[in-house]
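These notes concern the structure reproduced below.
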Amino acid sequence: MAAMETRRALATLVGVSAIAMAGCGGSSHKTTSTTSSSASVATPPPSPNAVPPNAPAAVRAVAGRVLIAGDLPGLAPQGQRTLGTSAENWVSEEGLPGFERAKEVRRLTGLGFVRAVRERLAPASETGPEAISIVVQFRSARGARADLAAEAQMGEAHGAPPFPAPGIPGARGFGGANGATTGYNVAYAVGRYYYLVGVGYATGSPGAPSRASLVSAAQRLYSRVQRHG
């Protein structure tokens, strides 16, 4: 399937539409919030990944756990990050039907959802490939691992071929080219955190990130978050 949108903005899954702002596993799609559980906090220059000193504790808690400029060639954080401080407001970003929304809220709550952040990355021109970086914090490592298994299984069930992501213990890669769209995703868990990075674009787009470049970006993020614990 072309754009298999697994819930909670799972990055790109298999196509541009998902990454372009769909909704899929472990997250939702927009930008960093501060005012309300889904409000936004602008990212001040010069660092696209900087967090204002007066940012809410929920924002600071996940700082440094998403992709930054330079991780994926030609792509950098754009706009604001989206923050979810409860399963309810995180899932509300996904646009799921009422029954599915309630089911997903129950699932995440049962896993011990604490908070989550989504970062959108795109070219400076805002046209072309897009990427997404998601981190979800759970109350336990068990919750993060369970979410990883569920999201990866969902992606593969929607027709996204699995692929290896070496250098990241337990990582699950899935996605590929499907007609007019191409999308790749890498998901993994470190401690109490679930991570997903993905990229999507029109098949054949010149200079678009390859599967290997996405895996490299995931490896760089993994190396950084290991230092956070």
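The values are calculated or read from the model by the stated rules, or taken from the named source; none is laboratory data. Just so it is clear, the structure is predicted and the values come from calculations on it, not from any experiment. For neighbour counting, all protein chains shown are included, and Cβ atoms are generated from backbone atoms with ideal geometry for every residue, glycine included.
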Item to check | Test: residue in the range 99-110 that is out of contact with any Pro (no Cβ under 6 Å at 6 or more places or on another chain) and part of a loop (DSSP other than H, G, I, E, B) | outcome: no
Checklist entry - Can you tell which of SER133, SER140 is crowded, with 24+ Cβ neighbours inside 10 Å, among the hydroxyl-bearing types (Ser, Thr, Tyr) and out of contact with any helix residue (DSSP H, G or I) (no Cβ under 6 Å at 6 or more places or on another chain)? => result SER133
Item to check | When residues of the range 188-226 are limited to those that are hydrophobic (A, V, I, L, M, F, W, C) and over 16 Å from the mean Cα position of the chain (by Cα), the one surrounded by the most Cβ atoms within 10 Å (Cβ to Cβ) | outcome: ALA208
Checklist entry - Does LEU111 satisfy the condition of being in contact with a strand residue (DSSP E or B) (Cβ under 7 Å, 6 or more places away or on another chain), at pLDDT 85 or above, over 18 Å from TYR193 (Cα atoms) and of a type in the set (A, V, I, L, M)? => result no
Item to check | Filtered residue count, the range 195-211, keeping only those that are of a type outside the set (Phe, Trp, Tyr) and under 24 Å from GLY64 (Cα atoms) | outcome: 8
Checklist outcome for this item: Those residues of the range 181-213 which are among the hydrophobic types (A, V, I, L, M, F, W, C), over 16 Å from PRO73 (Cα atoms) and touching a Gly at 6+ places or on another chain (Cβ under 8 Å) amount to VAL186, ALA187, ALA189, LEU196
Checklist entry - In this structure, is GLY176 touching a helix residue (DSSP H, G or I) at 6+ places or on another chain (Cβ under 6 Å) and assigned to a strand (DSSP E or B)? => result no
Checklist outcome for this item: Reported set for the range 143-187 where residues are within 24 Å of SER223 (Cα to Cα), modelled with pLDDT under 90 and either surrounded by fewer than 22 Cβ atoms within 10 Å (Cβ to Cβ) or acidic (Asp, Glu) (or both) is GLU151
